[in-house]
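Here the structure comes first, spelled out in structure tokens, and everything after it is commentary.
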Amino acid sequence: MPPVLAAAAATATAAAAWALRAAVWACLAASGMLVAEAAYMGLASLLAAAAATMWRRTGRRYRWEPMPGGGDDVEAAAAEFPMVLVQIPMYNEREVYKLSIGAACALTWPPDRIIIQVLDDSTDPIIKELVELECLDWANKKINIKYEVRNNRKGYKAGALKKGMEHIYAQQCDFVAIFDADFQPESDFLLKTIPFLVHNPKIALLQARWEFVNYDVCLMTRIQKMSLDYHFKVEQESGSFVHSFFGFNGTAGVWRVSAINQSGGWKDRTTVEDMDLAVRASLKGWEFLYVGDIRVKSELPSTFQAYRHQQHRWTCGAANLFRKMAWEIIANKEVSIWKKHHLLYSFFFVRRVIAPLVTFLFYCVVIPLSAMVPGVSIPVWGLVYIPTAITCMNAIRNPRSLHLMPFWILFENVMSMHRMRAALTGLLETTHANDWVVTEKVGDLAKVDLDVPLLEPLKSTECVERIYIPELLLALYLLICASYDLVLGSHKYYLYIYLQAFAYVVMGFGFVGMRTPCS
């Protein structure tokens, strides 16, 4: 090779190595932020659990007294019960509409102090007719139920909730409980939740915990349960305990109507209208309460495609809301600097931006690439200790799922590519920033068809929409990096990289979740 070309190649190699080292240390710094945040939330949630035990013995942190009459005899003192609106937004929910409407109509509350409002945005005329007939059936049983439809789906769920609150009967209610179409509250849900709001006027929202009727149908639903259990046990619990703030989960919660109105009502500027309202209410000085002892049954996405749509909406919407509200949070004068710091740094920046970006870039790009570049090494504390610490903090709150942790790690790393793209879409507000695809549900089928393998094979008759090209391309990249490290490298990363490549192949060909007919 001519000396000039050799010198140019050496310069390019040195520049690439320098850029990769910079990327390594940037990722290590971001990983440090993640592990510090996880440790902080974990400690706060443990303190919250200990405090909850103490409060049960000495008196609650928030005042709670049973409603007059108590038990099932609620009609004896009906006049002392506040008016409650129960909203059920739905869109073509053939599989679950009966479950959600039936559970809402079975809530224990004085009949003249509760209104069930079904907000049906269905576009399928057959499903629309079925939902309306179900509402009429309950109305004939003396249940105060309202069936409301719109001429369009503007604003999606936020638009439906906003329109529902504009009715005169809704404006006369003190509190509103919201349940998505697959949620089934127990009959005593209102008797347990409303007293917190009645006796603590500063609380705007009470959030209950989700539990899942189909968590054991496949490996993917088991992994989802692990992630959501961590979300509720750690993120929601710590936010409620330390800051009296957390992101509303959009369902299985009760809002004070006056807090919704004071905060500007529902807005459809992002796909996370629930988080949007929660942040605005917090900036008005309202407090939130998470009660993990109150649980509401729901359904997890059981197909990979449905899960991807859900994660895109959640991740993209949160990043987009951060873009829209960052300055509003900074300029706010009604809350403390401590709460503003929590919102900007912890709630948004670290969890909604840094987490999806660094998880993908570090574990799926930088580490494999460093195996192919001589002179670039990653410290053991960054390569082993930090990921191990984060995994252990998750495992501590999910001891029954400890045996699934390796699958959880691989699955989350593969999903990190999808979440990173969603986060960038929201931050940059590109074309697909406001895409909304309703999560597919199976309803009673989840109870009937439980005998499915952990990894579903792809049949030759199934269409190619279950093949995900980006995942397969990244799998090829990982295989190249791992093979180079095995044959020519010295880092010994190839075992981890091969495992990650295998996970990308499995998910790239759709070998996860349950089978569904192709659309």
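Some points to look at:
- With the charge dipole of the chain set up from +1 on Lys and Arg Cβ and -1 on Asp and Glu Cβ about the Cα centre, the Cα lying farthest toward the positive end among the listed residues Phe304, Gly264, Cys364 is that of Cys364.
- Once the 1.4 Å probe is applied to the protein heavy atoms, region 294-338 comes out at 44 Å² accessible per residue.
- In the context of the full set of protein chains, region 381-449 has a per residue accessible area of 53 Å² (1.4 Å probe).
- Net charge of Cβ neighbours under 13 Å - reference Leu321; Lys, Arg +1; Asp, Glu -1: +2
- Those GluC sites (Glu not before Pro) in region 116-178 that DSSP places in a loop and that have at most 16 other beta carbons within 10 Å: Glu166
- For region 180-330, carbon and sulfur atoms together expose 47% of the accessible surface, with a 1.4 angstrom probe and every protein chain in place.
- Rounded to 10°, Cα long-axis angle of helix 219-230 versus longest principal axis of the chain: 70
- Residue pairs, from the table Lys98/Lys162; Lys297/Lys441; Lys267/Lys324; Lys202/Lys297; Lys267/Lys333; Lys162/Lys267, whose Cα atoms sit over 19 Å apart: Lys98/Lys162; Lys202/Lys297; Lys267/Lys333
- Using the Karplus relation 6.51 cos²θ - 1.76 cosθ + 1.60 with θ = phi - 60°, the per-residue 3J(HN,Hα) values for region 107-121 come to 4, 7, 5, x, x, 8, 10, 9, 10, 8, 10, 9, 9, 9, 9 Hz, with x marking Gly and Pro.
- Electrostatic tally near Ala48: other residues with Cβ closer than 10 Å to its Cβ, Lys and Arg +1, Asp and Glu -1, net +1.
- Loop GluC sites (Glu not before Pro), region 316-424 (other Cβ atoms within 10 Å of the site Cβ: 16 or fewer; DSSP): Glu334
- Residue-normalised convex hull volume from the C-alpha trace of the chain: 173 Å³ per residue.
- Stretch gain in nm, segment Val384-Gln172, where the contour uses 0.36 nm per residue and the Cα spacing is subtracted: 70.6 nm
- A Förster distance of 22 Å, applied to the separation of the beta-carbon atoms of Leu428 and Ser336, puts the FRET efficiency at 0.10.
- Distance between the 7 Å Cα→Cβ label points at Leu344 and Lys142: 5.7 nm.
- Summing +1 for each Lys or Arg and -1 for each Asp or Glu among the other residues whose beta-carbon sits under 13 angstrom from that of Leu478 gives -2.
- If both residues of a DSSP beta bridge must be in the chain, then about 25% of such bridges are antiparallel.
- Working from label points 7 Å from Cα in the Cα-to-Cβ sense, the Leu369 to Trp64 distance is 5.1 nm.
- Note on His199 and His231: with the Förster distance fixed at 25 Å, the Cβ-Cβ geometry gives a FRET efficiency of about 0.35.
- Rounded to 10°, Cα long-axis angle of helix 156-165 versus longest principal axis of the chain: 20
- Sites counted here are trypsin sites (Lys or Arg not before Pro) in a DSSP loop (not H, G, I, E or B) having no more than 10 other Cβ atoms within 10 Å; the longest part of the chain that contains none of them is 143-332.
- With both labels modelled 7 Å from their Cα along Cα-to-Cβ, the His403 to Asn151 distance reads 5.9 nm.
- Based on C-alpha pairs under 8 angstrom that are at least 6 apart in sequence, region 55-203 has a relative contact order of 36 percent.
- Only one residue of Asn92, Cys105, Ile467 has its Cα farthest out toward the positive end of the dipole of the chain, where Lys and Arg carry +1 and Asp and Glu -1 on Cβ, and that residue is Ile467.
- Relative contact order computed over region 241-367 (Cα-Cα under 8 Å; 6+ residues apart), in percent: 25
The values are calculated or read from the model by the stated rules, or taken from the named source; none is laboratory data. Since this is a predicted model, take the numbers as computed values, not measurements. Note: ideal-geometry Cβ built from the backbone for every residue, glycine included; neighbour counts use all protein chains shown. The accessibility values were calculated without ligands, DNA or RNA, using every heavy atom of the protein model including side chains. Shrake-Rupley method; radii C 1.70, N 1.55, O 1.52, S 1.80 Å.
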